[in-house]
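Below is one structure, written out as structure tokens, with a few remarks after it.
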Amino acid sequence: CVRADRDFQFAVLFIDLDRLKPINARRGHRAGGGVLRHVAKGFQTCMRNGDTVGGYGGDEFTLLVNHVTGDADAIRVAERVLTKLKEPIDVGEPVMVGASIGIALSSNLHERPEDLIRDADGAMYRAKAKGKNQYVFSDQARDVPKAELKDRGRRVGREGGGTGHTRRRRRGGQARET
């Protein structure tokens, strides 16, 4: 995203709750709604001052983590979320949900908010595919179609939103674009 302060970095965490559908099926949508409200309040306790929790629809949430200095800031929030979800939720009986979390860090190739959310969403699907209840960082080379990635680079370079190039980083044995 084009920012006035190029040193300001942030992260988007795209969260999909795991195991909510069986709760809706067994206990009804009222219980499922109670779980969503409980989880949303719990997410707020995982955030720092100035960060934002938002419902994205259904059983999905987005978290905006401001003023990140690197992966570790986003990881700390993701781990707090996963830890918070280990606590049972009472909907007439104790139930448990988990979360698949995709993380996208702001970069020079995110000129539009929807680019960042789409990248975090793609990473979330990879977290789900790896076994759920975990987080995965966005890998623009994997999560974004090559034609779109090239188009983003051209637009950002042309509009002055960044340098129009990416750099490969390796974390935990997994390469990713930043």
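The values are calculated or read from the model by the stated rules, or taken from the named source; none is laboratory data. All of these numbers come straight from a predicted model, not from anything done at the bench. Glycine gets a Cβ as well: all are built from the backbone with ideal geometry, and neighbour counts include every protein chain shown. Heavy atoms of the whole protein, side chains included, go into the accessibility calculation; ligands, DNA and RNA do not. Shrake-Rupley method; radii C 1.70, N 1.55, O 1.52, S 1.80 Å.
Would you tell me the accessible area of Ser107, worked out with a 1.4 angstrom probe on the heavy atoms of the protein chains, in Å² to the nearest 10?
So the heavy atoms of Ser107 present about 10 Å² to solvent.
Considering amide H positions built from the backbone, and no H for Pro or chain starts, which residues 5 or more places from Phe10, or on another chain, come under 5 Å of its amide H?
Those lying under 5 Å, H to H, from Phe10 are Val68, Ser106.
Give me the 1.4 Å probe accessible area per residue for segment 19-139, excluding ligands and nucleic acids, in Å².
48 Å²
What list of ³J(HN,Hα) values in whole Hz, one per residue of segment 32-43 in order, does the Karplus curve 6.51 cos²θ - 1.76 cosθ + 1.60 (θ = phi - 60°) give from phi, with Gly and Pro shown as x?
x, x, x, 4, 4, 5, 4, 5, 4, 5, x, 4
I need the peptides 117-125, 24-32 ranked by packing, meaning the mean over residues of other C-beta atoms within 10 angstrom, with the highest value on top.
117-125, 24-32
Using a ≥ b ≥ c from the Cα gyration tensor of segment 1-115 (square roots of the eigenvalues), is it rounded, prolate or oblate, where a/c under 1.5 gives rounded and otherwise the larger of a/b and b/c decides, a/b for prolate?
Note, shape of segment 1-115 comes out prolate.
Could you give the size of the charge dipole of segment 1-110 about its Cα centre, using +1 on the Cβ of each K and R and -1 on the Cβ of each D and E, expressed in debye and rounded to the nearest 20?
Charge dipole, segment 1-110, about its Cα centre: 340 debye, nearest 20.
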